[in-house]
Amino acid sequence: MKCDIAIVGAGPAGLTAALYGARAGLDVTVLEMGVPGGQIMNTDWIENYPGFPEGLTGVELMTNFLTQATNFEQVSLVMGHVTRIDREGTGFRITYGSEDTLLAKALIVATGANPRALGVAGEKELTGSGVSYCAVCDGAFFRDKEVAVVGGGDTALEDAVFLTKFARKVTMIHRRDAFRGAKILQERVRNNEKIELAMNRTVEEIHGNGKVESLTLQNVETLETDTLNVDGVFILVGTKPNTGWINEDLQLDMINGYLTANDEMQTSIPGLFAAGDVRKKMLRQVSTAVGDGAVAAVSAARYIEEN
């Protein structure tokens, strides 16, 4: 199978790139290993994406993205996990699924990032049994129960408020004495009577016999520990890029696993572009992913024309 532009990942960046690539008159193949839409599909409510003043759900927004991109006959969506990328002249040979191959003149990597784990005892063993990385996915399971949220960024603050729809009490655990998230979100957390703050604390261990029962917390200043009894813990401490599938001999420049790219989304390999959360950058939002995807597609089209 051949195409002009191959895009790995069908999140906001990938689908935007597909839209712009098709509008440039190019054949585009989008490869996706899971559910099209990316992490934003797990977001309960989006109120900061321009053009939707009343807000909308992540599912609604990404359904619109997918519909708009695939309305172009030049766009093909292929389900399959990419296992290898090789140079093929000035283009690329992408291996996916059960050794199927796709030849592309340019490649855009838009595989996003996944939630980052704490790496503490009990976390792995109790994942799915009280340990969660997605409040929207699992919040309803904790109706009238007590839960903890670990983190201090926008996602942690938003999800703490969301969980109060179900939980009797939400304890926010943060290793610093101040949150990093947006001020308006901080205000919502502090003004919510169901939320209690545990600042300057870290989770040292998660306990439970078949399900989460308690957490061992440590004060980062005094090093004293105490126990917090909870029915669940939502770990929202950032993300890690989905780049582990990229073969090492490709020699792509990365920083902490994130792909490095210039303002044109060009990586260290000519013709290979990075867009969205997989790219090393300051802000990871739907709006920035959309911008990345548009730039990457235009840059890829220019690369194809020049080569």
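The values are calculated or read from the model by the stated rules, or taken from the named source; none is laboratory data. Computed from a predicted model, the values in this text were never measured in an experiment. Positions of Cβ are backbone-derived with ideal geometry, glycine not excepted, and every protein chain shown enters the neighbour counts. Side chains are part of the model used for accessible areas, which takes the heavy atoms of the whole protein and leaves out ligands, DNA and RNA. Shrake-Rupley method; radii C 1.70, N 1.55, O 1.52, S 1.80 Å.
Listing for the model above:
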| item | result |
| --- | --- |
| Sequence-separation-based contact order of segment 1-126, relative, with Cα cut under 8 Å and 6+ spacing, percent | 32 |
| Computed E for TRP245/ASN307 - FRET, C-beta separation, R0 30 angstrom, nearest 0.05 | 0.75 |
| Nearest 10 degrees, 0 to 90: helix 58-70 Cα axis against the chain principal axis | 0 |
| Convex hull per residue volume in Å³, alpha carbons only, for segment 68-176 | 198 |
| Mean Cα-pair separation over length for the chain, i.e. relative contact order, pairs under 8 Å, 6 or more apart, % | 21 |
| Cysteines in the chain that, by Cβ-Cβ distance, have no pairing candidate under 4.7 Å | CYS3 |
| As computed over segment 161-207, the Cα convex hull volume per residue (Å³) | 85 |
| Angle in degrees between helix 154-163 and the longest Cα principal axis of the chain, rounded to the nearest 10 | 60 |
| Computed FRET value (nearest 0.05) for GLN186 with VAL35, which takes r as the C-beta separation and R₀ as 30 Å | 0.45 |
| Computed label-point distance, nm, for sites ASP86 and VAL59 using a 7 Å Cα→Cβ extension | 4.2 |
| Computed lengthening from THR222 to ARG168, 0.36 nm per intervening residue step minus Cα-Cα distance | 16.5 nm |
| Principal axis box of segment 118-179, alpha-carbon based, largest edge first, Å | 29, 28, 16 |
| Solvent-accessible area, 1.4 Å probe, carbon plus sulfur percent, for segment 1-60 | 54 |
| Structure-derived Rg and Dmax of the Cα atoms in Å: which label, when the choices are (i) 22.4, 79; (ii) 21.1, 63; (iii) 20.0, 72 | (ii) |
| Packing rank of 291-297, 40-46, 85-91, 107-113, where each peptide gets the mean count of other beta carbons within 10 Å, highest leading | 107-113, 291-297, 40-46, 85-91 |
| Computed E for ASP263/ASN48 - FRET, C-beta separation, R0 25 angstrom, nearest 0.05 | 0.60 |
| Over segment 162-224, relative contact order from alpha-carbon pairs under 8 Å, at least 6 apart, % | 31 |
| Burial ranking of peptide ranges 209-221, 122-134 (average Cβ count within 10 Å, highest at the top) | 122-134, 209-221 |
| Sequence ranges 17-23, 58-64, 274-280, 200-206, ranked by mean other-Cβ count within 10 angstrom, highest first | 274-280, 17-23, 200-206, 58-64 |
| Heavy-atom surface of the chain, accessible at 1.4 Å and reported per residue (Å²) | 49 |
| Helix 286-306 axis, angle to the chain major axis (alpha carbon atoms, nearest 10°) | 20 |
| Carbon + sulfur, % of accessible area of segment 219-307 - ligands and nucleic acids excluded, 1.4 Å | 46 |
| Two-decimal log10 I(q)/I(0) for segment 157-307, as the Debye equation yields it once each C-alpha is a single scatterer, q = 0.12, 0.15, 0.16, 0.18 Å⁻¹ | -0.72, -0.90, -0.95, -1.05 |
| Carbon plus sulfur fraction of accessible area for segment 71-186, probe 1.4 Å, in percent | 48 |
| Percent breakdown of C-alpha pair distances by 10 Å bin, ordered from the shortest bin, for segment 41-119 | 14, 31, 32, 20, 4 |
